[in-house]
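The structure under discussion appears below in the form of structure tokens.
The values are calculated or read from the model by the stated rules, or taken from the named source; none is laboratory data. These numbers were taken from a predicted model, which means no experiment stands behind them. Note that we place each Cβ from the backbone using ideal geometry, even for glycine, and neighbour counts take in every protein chain shown. Please note that ligands, DNA and RNA were not included when accessible areas were found on the heavy atoms of the full protein model with its side chains. Shrake-Rupley method; radii C 1.70, N 1.55, O 1.52, S 1.80 Å.
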Amino acid sequence: MIRATVGACTDVGRVRDGNEDSFVVIDGLYFVADGMGGHSAGEVASAIAVGTLSDLHSSADGGLVDEDQVADAVSTANLAIFMEAIEDPSKAGMGTTLTGLVVTDAVAHKIVVANVGDSRTYLWRHGELRQVTKDHSHVQSLVDRGAITRAEARVHFQRNIVLRAMGIESYVDVDTFPLDVEDGDRFILCSDGLVDEAADDEIEAEIREASGVQDLADRLVNLANRNGGRDNTTVVVVDFEIVDEPTVNATTVADESSATIGSDDEHELICTLPPDDASRPSPWFAVGAWSMFALSAAITVAVMVSAFVS
Ligand code: MN
């Protein structure tokens with residue numbers, strides 16, 4: 001049996017007005033999507049992508065259990081974005097990248113990584129960082145041809161040209177990578193906001209420093225922002241351990257608030273440091289709102305009573 005522990009962080013960055021990235025963290029399914037398109041259509045596209053996948057995983061008997069089902073689910077999500085863009089002309093041309101993984105057989109330790117576009121899934125195993133996915137980008141094709149190096153690609157002026165994206169056509173070509181999980185494997189899913197701002201050795205340094213999954217997600221987003229934060233950055237970190245006992249709930253989320261579909265409407269880290277920090281409404285916000293409501297009701301009653309008695 002494999003057990004997952006998950007951390008997630010998303011941030012608008014230092015330059016952009018809105019966050020068009022989305023992510024999903026549910027039991028056995030973890031994805032990051034980086035939307036594109038004007039008038040907030042990008043965040044719609046990325047939200048449809050992760051939302052459709054989580055619905056399919058939750059509704060299917062036993063979830064998505066093999067590579068073909070994962071690929072089909074991504075295709076269904078692609079079609080959902082494409083149809084939404086047809087129905088609403090203001091969203092025409094919207095699209096999104098998508099990368100992430102699905103636990104297809106927890107007992108046999110099998111997962112499937114899926115990818116469309118230039119968001120990335122990395123694997124940290126035995127102290128080495130390896131990119132599992134291959135970018136569908138113009139600069140990656142230049143790297144493949146030997147025209148530029150991987151380091152040059154990261155700062156190339158055409159680095160934002162993607163060759164595949166979800167929602168642009170009714171059909172999408174999905175890369176899938178079946179993998180056998182080993183105890184201690186750490187998967188890092190990220191939008192290009194991280195890789196455009198940070199070199200592999202900087203990412204590795206944060207991995208070595210981090211105290212856990214949530215700390216690493218926070219650190220990597222902060223790293224991207226420190227280096228410029230010119231794009232939205234989203235990071236999901238999934239640690240797997242092999243356990244003997246079957247567990248009812250196979251996923252432990254380090255930060256409860258990110259245990260769902262996430263996007264960052266408040267333009268701040270939803271994830272920095274301990275739960276219940278200032279970046280999200282605290283329980284006291286609700287208490288305060290109810291107190292204000294009770295107070296205004298009391299004043300109304302008092303005014304009515306005083307008008308009545310006088
Ligand atoms: Mn991006």
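Annotation note: of MET36, MET94, MET83, the sole residue that is open to solvent by 10 Å² or more (accessible area, probe 1.4 Å), among the aliphatic types (A, V, I, L, M) and either in contact (Cβ under 8 Å) with a residue 12 or more places away in the chain or touching a strand residue (DSSP E or B) at 6+ places or on another chain (Cβ under 7 Å) (or both) is MET36.
Yes/no per residue for (1) touching a strand residue (DSSP E or B) at 6+ places or on another chain (Cβ under 6 Å); (2) closer than 29 Å to ALA92 by Cα; (3) at pLDDT 95 or above:
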{"position": "ASP135", "(1), (2), (3)": "no, yes, yes"}
{"position": "GLY146", "(1), (2), (3)": "no, no, yes"}
{"position": "ARG159", "(1), (2), (3)": "no, yes, no"}
{"position": "ARG164", "(1), (2), (3)": "yes, yes, yes"}
{"position": "GLY167", "(1), (2), (3)": "yes, yes, yes"}
{"position": "SER170", "(1), (2), (3)": "no, yes, yes"}
{"position": "THR176", "(1), (2), (3)": "yes, yes, yes"}
{"position": "VAL181", "(1), (2), (3)": "yes, no, yes"}
{"position": "ASP185", "(1), (2), (3)": "yes, no, yes"}
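Screening region 79-136 for residues that are of a type in the set (S, T, N, Q) and within 16 Å of the ligand (Cβ to nearest atom) and picking the one that is nearest to THR233 (Cα to Cα) gives SER119. From the set of residues in region 127-159 that are in a loop (DSSP other than H, G, I, E, B) and in contact (Cβ under 8 Å) with a residue 40 or more places away in the chain, which is nearest to ALA210 (Cα to Cα)? Taking the candidates together, the pick is VAL132.
Restricting attention to region 196-217, report how many residues are over 19 Å from GLY18 (Cα atoms) and either within 14 Å of the ligand (Cβ to nearest atom) or acidic (Asp, Glu) (or both). Working first, answer last.
Let us first name the residues in region 196-217 that are over 19 Å from GLY18 (Cα atoms), namely 198-217.
Okay, now just the ones that are also either within 14 Å of the ligand (Cβ to nearest atom) or acidic (Asp, Glu) (or both), so 198, 200-202, 204, 206, 209, 215.
Qualifying residue count for the region: 8.
Could you please find all residues in region 17-44 being assigned to a helix (DSSP H, G or I) and away from the ligand (no atom under 12 Å from the Cβ)? First the steps, then the outcome.
Narrowing region 17-44 to residues assigned to a helix (DSSP H, G or I): 41-44.
If the condition is that a residue be assigned to a helix (DSSP H, G or I) and away from the ligand (no atom under 12 Å from the Cβ), then ALA41, VAL44 are the ones that fit.
Of all residues in region 46-65, one or more are within 21 Å of MET166 (Cα to Cα), open to solvent by less than 50 Å² (accessible area, probe 1.4 Å) and within 14 Å of the ligand (Cβ to nearest atom).
Being assigned to a helix (DSSP H, G or I), over 20 Å from the mean Cα position of the chain (by Cα), of a type in the set (S, T, N, Q) and away from the ligand (no atom under 16 Å from the Cβ): is that true of SER170 here? For SER170, the condition - assigned to a helix (DSSP H, G or I), over 20 Å from the mean Cα position of the chain (by Cα), of a type in the set (S, T, N, Q) and away from the ligand (no atom under 16 Å from the Cβ) - is not met.
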